[in-house]
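Working notes, beginning with the structure itself.
Just so it is clear, none of the values below were taken in a lab; they were calculated from the coordinates. These numbers come from a predicted model, not from an experiment. A quick note on method: Cβ atoms are made from the backbone with ideal geometry, for glycine too, and the neighbour counts reach across all protein chains shown.
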Amino acid sequence: MPNTSERPRRVTVDREGPLLVEGPVEVVMEDGTVVTSRRFTVAICTCRRSRAYPWCDTSHRRRVKDDAT
């Protein structure tokens, strides 16, 4: 799915959560399979805890925060 828009895609980085990407998007997995979402904004998991990986299911919220960092 090539990006045919004149403007670039917006990716929002949240240190405590997923990457938010303006959709639709295609994600190429490590094994080469391609998964697609046609949503207007897609949350991509960065913690790898999601049961719906690569899509975020908010599993990162259950992570215990370490006060030392």
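General remarks:
- Qualifying GluC sites (Glu not before Pro) for the range 1-52 [loop in DSSP, other Cβ within 10 Å: at most 16]: Glu6, Glu16, Glu30
- Sorting the segments 36-43, 52-59 by their residues' average number of neighbouring beta-carbon atoms within 10 angstrom, most packed first, yields 52-59, 36-43.
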